1. Output the peptides 89-96, 126-133 sorted from most to least packed, where packing is the average of other Cβ atoms within 10 Å over each peptide's residues.
2. Which cross-chain or sequence-distant (5 or more) residues have an amide H under 5 Å from the amide H of His52, H modelled 1.01 Å from N in plane?
3. Tally Lys and Arg at +1 and Asp and Glu at -1 over the other residues with C-beta under 12 Å from the C-beta of Leu31: what net charge comes out?
4. Sequence-distant or interchain residues sharing an amide H contact under 5 Å with Leu119, placed H: which?
5. For segment 79-145, what relative contact order do you get, as a whole percent, if you take Cα pairs closer than 8 Å and at least 6 residues apart?
6. Give me the distance in nm between label points sitting 7 Å out from Cα along the Cα-to-Cβ direction at Glu16 and Asp108, one decimal.
7. Around Gly140, under 13 Å between beta carbons, what's the net of Lys plus Arg minus Asp minus Glu among the other residues?
8. What spacing in nm lies between the two simple spin-label points modelled at Thr139 and Asp124, each 7 Å away from Cα in the Cβ direction?
Amino acid sequence: MWGAWADREASRRSTELDRTEALRLLGSVSLGRIVFTQDALPAIRPVNHLLHHGEVIIRTHEGATLATLTEQEDVEGVVVAYEADSIDPATHCGWSVVVTGYCRLVTDPDDLAHYQALLHPWSDHQMTHALRIRPDLVTGLRLSR
């Protein structure tokens with residue numbers, strides 16, 4: 001049984017994605033995971049997002065750890081990673097993209113209103129804040145047969 005599984009797994013090929021294709025794929029889905037540091041340990045949260053002018057935008061609520069961290073940081077922001085993927089559960093084929101960069105609080109009222117109109121939260125929290133992730137490092141891979 002294990003041998004059949006291993007053979008099936010070995011038939012997949014992993015191909016690196018270039019930045020343009022990785023960002024295109026990231027923009028084609030709405031759910032991802034943001035990774036940040038909380039109390040010197042990694043923390044991860046599932047969030048919905050949109051890709052706007054090459055930046056990842058998420059919304060959060062006042063008092064959320066990441067919103068608080070970005071309010072306390074300098075102009076550069078807080079280093080985060082953001083991952084999104086689309087993997088078929090039956091074939092295990094698909095793609096995964098990770099962007100790493102600085103996350104900053106959106107402070108411009110017009111930008112905030114724009115993102116509130118475009119990005120609707122999935123949870124019942126009142127999402128009054130928006131965060132912008134500048135993707136300095138973009139990596140991705142495609143798993144195919």
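1. My ranking of the peptides, most packed first, is 126-133, 89-96.
2. Ile57
3. Residues near Leu31 contribute 0 overall.
4. Those qualifying (amide H under 5 Å, at least 5 residues apart or on another chain) number zero.
5. Values: 97 pairs, mean separation 28.0, N = 67.
It rounds to 42 percent for segment 79-145.
6. Between Glu16 and Asp108, the simple spin-label model gives 3.4 nm.
7. Working: positive: Arg19, Arg24, Arg142; negative: Glu16, Asp18, Glu21, Glu83, Asp85.
Taking every other residue near Gly140 into account, the sum is -2.
8. Calculated label separation equals 3.9 nm.
Coordinate-derived values only; no laboratory data. Here the structure is a predicted model, which is why all the values come from computation and not from measurement. Quick reminder, even Gly has a Cβ in these numbers, built from the backbone with ideal geometry, and neighbours come from all protein chains shown.
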